[in-house]
1. Using the charge dipole of the stretch 1-132 (Lys, Arg: +1 at Cβ; Asp, Glu: -1 at Cβ; taken about the Cα centre), state which of 78, 37, 14 has its Cα farthest towards the positive end.
2. Hey, what do the phi angles of the stretch 256-268 turn into as Karplus ³J(HN,Hα) couplings, whole Hz, using 6.51/-1.76/1.60 and θ = phi - 60°, x for Gly and Pro?
3. So for the chain, averaging the separation of alpha carbon pairs under 8 Å that are six or more residues apart and normalising by length, what relative contact order in percent results?
4. I need the calculated FRET efficiency for the pair residue 411 and residue 327, taking r as the beta carbon distance and R₀ as 22 Å, to the nearest 0.05.
5. What value in Å³ per residue do you get for the convex hull of the alpha-carbon atoms in the stretch 241-317?
6. Quote to one decimal, in nm, the extra length available between residue 56 and residue 353 on full extension: 0.36 nm per residue of separation minus the C-alpha distance between them.
7. Report the label-to-label distance for residue 123 and residue 266 in nanometres (one decimal), using points 7 Å from each Cα along the Cα→Cβ vector.
8. Given N residues in the chain, what is Rg(Cα) / (2.2 N^0.38 Å)?
Amino acid sequence: MQAIYRTLFCMDIQKRVPRVLFGTLLLDMIGFGMVFPIIPIIFTDPTSPAFLLAGHSRSSQLFIAGAITALWGLMQFIAAPILGELSDIHGRKKLLLFGVGILGVSQFLFGFGIATKSLLLLFVARAIAGIAAGNVSIAQASIADVTDPKDRAKNFGLIGAAVGLGLILGPLLSGWIAGLTHNPASPFFMAGILGVLNVTFVAFLLPETNLQRKLRQAFTLIKGLSNIRAAITDGGVRFIYLTSFLYIIGMTLVTSFYGIFLVSVFHFSARETGLAFAAVGACVVFAQLVLLRLVIKKYDERTILRVSMLITATMIGLSAFMPTATLFVALIPLISMPHGLTLATLPALISKSSAAEKQGAALGVNASLVALATGLAPIAAGIGSGILGIRMPLLAGAMLLCCSWGALFVLASQKVSTLNSR
């Protein structure tokens, strides 16, 4: 630990901050990723001893699974923009410490909720976790503070890789720990311990990056709605925000019911579901640590997005019709790698389009849109799956990704052409 401490503090701040944030978000996302193999088992698999919804109809099970996932996004919608702007005023480090701390608390509560079979406690835990979801946008703002615009996509890719790596290790650890202990609550107690370690990591290793503080201002619980209005009226970035919103709501339709699809259609166990999520995370990490650093040397963000978004949409649409688990899993790299490129380049495009003193606010606006998408999509997926069938989230997600592509490359292009003609 002392060697790591000395190494990090001898680095230039432009190198140190992304690496420290990589470690912070990695621990964050390992804990976050532990939930994915467990939710399908406790809410939609009546054959599991840990099943919590005995006596509920199938449509009710799918709705509850969607609702508990949606609650995380809705709480993020309220909290993320407030935390983003507070980080512009009080500094990134304080807000990041708050975020990683309450995420650790939420993990302990979720574990106790499973152990006591308390649906209420599970919902409370996911609501608290949603407040901590602003950690990613604060980390992105910290990187924007110390990184030249030309290097932001690369360093945002590092943050994306931490998220992806966490989504490899989290589901793997969750499935392994739950299988070893025969207790689906155990992974969340481990995640809570990781949260405690993360608070220590941020406190001692992360420097403050925001040296241009904004003046104090009033905040309300509907700040997210104000941010939606700002996104709609900001002519310069409006279509990029719309692109981000449509893309995330489409991908959330897919990811929120991905595990449930695997359990319902192909009868995956918690361990197998964890392995599938780990494969997704591995492909995202490879895309953001390797592919992105190759393509960003030759192509700008828009050129990358033009290809990556279309490939992702096409492969998701095809996956809905795969007749076997083998063919379905074979499409994971073709979905996840272009998706990883998109996750890194969209925030970089928003950051480069915003003023230096508004980095936290701009990324907070985007976080509001992301949160609204992740709040609405799981509920829609739960209701839609109960009415239209379990393949509905995949098909609707693919269609929304195509709409996202159109917002950036049709609507935005028309706007640019109109401005140039004046």
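Each value in this text was obtained by applying a stated rule to the coordinates, not by laboratory testing. Note that this is a predicted model, so its numbers are computed, not measured. Using ideal geometry, Cβ is built from the backbone for each residue, glycine included, and neighbour counts are taken over all protein chains shown.
1. Going by the Cα projections, it comes out as 14.
2. So the Karplus estimates, Gly and Pro as x, are 5, 10, 5, x, 5, 4, 5, 6, 6, 8, 10, 6, 5 Hz.
3. So the answer I get is 29 percent.
4. 0.05
5. Taking the convex hull of the Cα positions in the stretch 241-317, it is 97 Å³ per residue.
6. Here the segment from residue 56 to residue 353 would lengthen by 102.1 nm.
7. Taking the two extended label points, one gets 3.3 nm.
8. 0.93
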